[in-house]
Number of protein chains: 4
Amino acid sequence: MQRLIDGYRRFRADTWPQERARFEELASRGQRPHTMVIACSDSRVDPAVIFGAGPGELFVVRNVANLVPPYTPDGTYHGTSAALEFGVRVLGVSQLMVMGHAMCGGVTALLRGAPPEARDFVPAWMSIAIEARSRVLACMPVEQAQEACELETVRVSLANLLTFPWVAEAVTEGRLTLQGAHFAVATGRLMLLADHTEAV
Amino acid sequence: MQRLIDGYRRFRADTWPQERARFEELASRGQRPHTMVIACSDSRVDPAVIFGAGPGELFVVRNVANLVPPYTPDGTYHGTSAALEFGVRVLGVSQLMVMGHAMCGGVTALLRGAPPEARDFVPAWMSIAIEARSRVLACMPVEQAQEACELETVRVSLANLLTFPWVAEAVTEGRLTLQGAHFAVATGRLMLLADHTEAV
Amino acid sequence: MQRLIDGYRRFRADTWPQERARFEELASRGQRPHTMVIACSDSRVDPAVIFGAGPGELFVVRNVANLVPPYTPDGTYHGTSAALEFGVRVLGVSQLMVMGHAMCGGVTALLRGAPPEARDFVPAWMSIAIEARSRVLACMPVEQAQEACELETVRVSLANLLTFPWVAEAVTEGRLTLQGAHFAVATGRLMLLADHTEAV
Amino acid sequence: MQRLIDGYRRFRADTWPQERARFEELASRGQRPHTMVIACSDSRVDPAVIFGAGPGELFVVRNVANLVPPYTPDGTYHGTSAALEFGVRVLGVSQLMVMGHAMCGGVTALLRGAPPEARDFVPAWMSIAIEARSRVLACMPVEQAQEACELETVRVSLANLLTFPWVAEAVTEGRLTLQGAHFAVATGRLMLLADHTEAV
């Protein structure tokens, strides 16, 4: 774990002296993030980096392919849904972004099948976005479909967000804005979906 | 979404020129993160910040209270398990850290009950760590149990990690190291669990 | 010209009876378009269609690859610059969008060279975006660069817009907003550039 | 940009479901427009609307006063000439229409001088049609000359088209037909110039 520990020491030496007051205030009055971001676990797409965000700003979910499952309050374990509930209902974030990205391994698995060594959970999880796959493959061959499928996957997540009654209500009442986005790793460019909510 | 966009512009202006070569290389040769971190969605505990990590280093899951459910490959949606599978089996990370933190709202809900407005998913999700709650409340009153329960929750996650056969195998074969940690928001201190692997 | 004439007759039969009052009002009080769009001449990317816009709404420039040259008031013929001057200074539009699109033949010519039969004007015109080409080819092979180069071309146009002193002034004073966009012909999706103005 | 985005959503909701197959086919096999239209940027004279044209039909240039400059392949930026080259030589359109219109602000500037705030580019650009101005003012006072000058401006563009050797050749060989037209905004009427080709 030496690399992690070294990194933590850099944080203590460089970041902490500057951010100390902020952390202390966040500790004493609690977090009040303005935005929730649902992003991929991919090591190249850290929301705090891409959005230049400091401590206390972003409530973040990261899972494979930034997916949101449909609303299913059945008493079983739903990590993303629980985070969504916490962010929207308890913290009252006013913005919610789903950020996809280029070269997403989860989307590749959705399009071409998961690697043989990853079939306990990845295929079932990615099946949340099965409709993204069919929509895209209706328009183009699989070889060209990666980015389009990444975008459609964001749209599936946005659509699923609206199946949560308290998300839909917050959007309707103007307390919450949804936004889809896509980050291109190679060029560092962020695009926003023009039809973030309604079109889904 | 102006604050997010402004932040992205800071990233473009400040970070991108410095990190550009790294992003390009990560785009062309793919990600090879050395470490997977399972952290909380809380806005104050960004792993990339706390570990001074750059793009490509950390494969990150963030959910409420940094929980790992037990291995249950039943074909339903398991976001954290899918990410675990992707990180361990596809990417082959060599380190896996579960990082808890002070003032965790999920742990508070576990100890004292979820807020009334957050009962669709949070209680069921937090029930993963129900054993942490009982272990701690056997020793101390609930008013003093917050931090101890945060630490026990990390231990539950570490124990659950070992129910995944390919995690246990990788640990046994020395290809993967597990580590528990706890970040104190007010002081900026990181503690490592001394009994990270063995105790679980 | 029979197809055009037949189309005009459809317009007279179907559209005119509905839009007549609007055209009459636009004739009597003059045009007051809220938005100027700089789009490609490509037959698949009509701004009025993509933005569901009616008569009087959009002041439109269409040229190859939606390019804006840099400010050069040298007394020679500058069609796009003249339209820009008319839209911004005379009509006072409050929004200005540059819309790129997928499969842009001009961008293909920029990346791979113009077809041999189109070398009187296309290469010189596309050289406006030569910097887009070099920026993209620094990051990826030409085979993968089409869409990235379309996006960078939009950014070059946005940057060149700001070389016009009265555009820059209107933006600074908040009278004019610039926005870049990209339309994917195959999927009908529109994306917005997150870094429309400042990053260029 | 809300109005544009709202319009795009109407396109997604209303137009896209009907035109989807057409866009997909246009994406997969490329554009093959039968006609090129050179029209004014004016917000009231959209060629796709006036000719009831769908995606893929019209390759469109829009500039101030639908002008075509004379053939000058000098390596500087010529947007309209580049579009002409692309439409005629690369796409091989079989019809080319120059469409003027009533109440053209560019023609008004040509007749009476450009507004004081629009003198960087508009006067130089409109000087392409200086001959139209003198022809008309030889016959009538400036107060009555607007429409006549709009028509003469179309004729100047048609004449200039024939200075492009590959346009003249295509016309001579019967591969390309030229047509002048004028759209009266107040009445919605389209007139065709009887002397479209021969007179020029």
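Of D:Gly87, D:Gly79, D:Gly52, D:Gly75, all but one fail to be open to solvent by less than 10 Å² (accessible area, probe 1.4 Å) and within 8 Å of chain C (Cβ to nearest Cβ); the exception is D:Gly87.
What's the total number of residues in the range A:30-87 that are of a type in the set (Ser, Thr, Tyr) and in a loop (DSSP other than H, G, I, E, B)? Before the answer, list the steps.
Keep residues of the range A:30-87 that are of a type in the set (Ser, Thr, Tyr), which gives A:35, A:41, A:43, A:71-72, A:76-77, A:80-81.
The next check asks that each one be in a loop (DSSP other than H, G, I, E, B); those that pass are A:41, A:43, A:71-72, A:76-77.
The total comes to 6.
Within the range A:1-14, being open to solvent by less than 40 Å² (accessible area, probe 1.4 Å) and facing chain B (nearest Cβ under 7 Å) holds for A:Leu4, A:Gly7, A:Tyr8, A:Phe11. When the range C:4-51 is filtered for residues that are touching a strand residue (DSSP E or B) at 6+ places or on another chain (Cβ under 7 Å) and at pLDDT below 90, only C:Leu4 remains. Being of a type outside the set (Lys, Arg), more than 8 Å from chain B (Cβ to nearest Cβ) and open to solvent by 10 Å² or more (accessible area, probe 1.4 Å) is a property that does not hold for A:Gln95. State whether the residues of the range C:111-122 include one that is more than 11 Å from chain D (Cβ to nearest Cβ), in contact with a helix residue (DSSP H, G or I) (Cβ under 8 Å, 6 or more places away or on another chain) and on the phi < 0 side of the Ramachandran plot. Yes. Of the residues making up the range B:116-140, just one is open to solvent by less than 40 Å² (accessible area, probe 1.4 Å), part of a loop (DSSP other than H, G, I, E, B) and not small (Gly, Ala, Ser), namely B:Phe121. Checking each residue in the range C:98-108 for being hydrophobic (A, V, I, L, M, F, W, C) and open to solvent by 10 Å² or more (accessible area, probe 1.4 Å) picks out C:Ala102, C:Met103. Within the range A:152-167, being touching a helix residue (DSSP H, G or I) at 6+ places or on another chain (Cβ under 8 Å) and either open to solvent by 20 Å² or more (accessible area, probe 1.4 Å) or within 12 Å of another protein chain (Cβ to nearest Cβ) (or both) holds for A:Glu152, A:Val154, A:Arg155, A:Ser157, A:Asn160, A:Leu162, A:Phe164, A:Trp166, A:Val167. When A:Val171 is tested against the conditions (1) within 14 Å of chain B (Cβ to nearest Cβ); (2) hydrophobic (A, V, I, L, M, F, W, C); (3) surrounded by fewer than 23 Cβ atoms within 10 Å (Cβ to Cβ); (4) in contact with a helix residue (DSSP H, G or I) (Cβ under 8 Å, 6 or more places away or on another chain), the lone failure is (4).
In the set (1) crowded, with 20+ Cβ neighbours inside 10 Å; (2) in contact (Cβ under 8 Å) with a residue 12 or more places away in the chain; (3) within 7 Å of another protein chain (Cβ to nearest Cβ), the condition left unmet by D:Pro47 is number (3). Looking across the range D:141-200, the residues that are in contact (Cβ under 8 Å) with a residue 12 or more places away in the chain, assigned to a helix (DSSP H, G or I) and among the aliphatic types (A, V, I, L, M) come down to D:Val142, D:Ala148, D:Leu151, D:Val154, D:Val156, D:Leu158, D:Ala159, D:Leu161, D:Val167, D:Ala170, D:Val171.
The values are calculated or read from the model by the stated rules, or taken from the named source; none is laboratory data. None of these values were measured; they are calculated from a predicted model. Backbone-built Cβ (ideal geometry, glycine too); neighbour counts: all protein chains shown. Protein only, heavy atoms only, side chains kept; ligands, DNA and RNA dropped before computing areas. Shrake-Rupley method; radii C 1.70, N 1.55, O 1.52, S 1.80 Å.
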